[in-house]
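First up is the structure itself, then whatever we jot down about it.
Every read-out reported here was derived from the displayed coordinates using simple, explicitly stated rules and does not represent laboratory data. Keep in mind the model is a prediction, meaning the values are calculated, not measured.
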Amino acid sequence: MSDCLFCNIAAGKIPCDIVYQDEEILAFRDIQPQAPIHLLIIPKAHAADGAAGINEGNSAIVGKCFEAAAKLASELELKEGFRMVTNNGPAAGQSVPHLHFHLLAGKPLTLQMA
């Protein structure tokens, strides 16, 4: 999608601090980090606007995102743990309509959801 921020990042039209990529997945540092380690993991192709758009035809990409997260957690030695989050829709805090996951780590993360 030509007007999608993450599609443009994946296409190299907008620079980012890449920490991982393969043929299907791109992971980069969030420009507004909410934790010492805050990465965004996205499918390079616009598979869905968010989690609500996942279906039988595109669900394999979710597994690929989690495989990338596991590789990153190992490389970054996140032995104390990490959090994976996806927001779906504006009321949940989703600001870019492209399926993506936040990998957060580097400090104790609160369980408070507010």
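General observations
- Residues (among the small types (G, A, S) and within 15 Å of T86 (Cα to Cα)) located in segment 1-34: A27
- In segment 64-111, the residues that are among the aliphatic types (A, V, I, L, M) and assigned to a helix (DSSP H, G or I): A68, A69, A70, L72, A73, A91, A92
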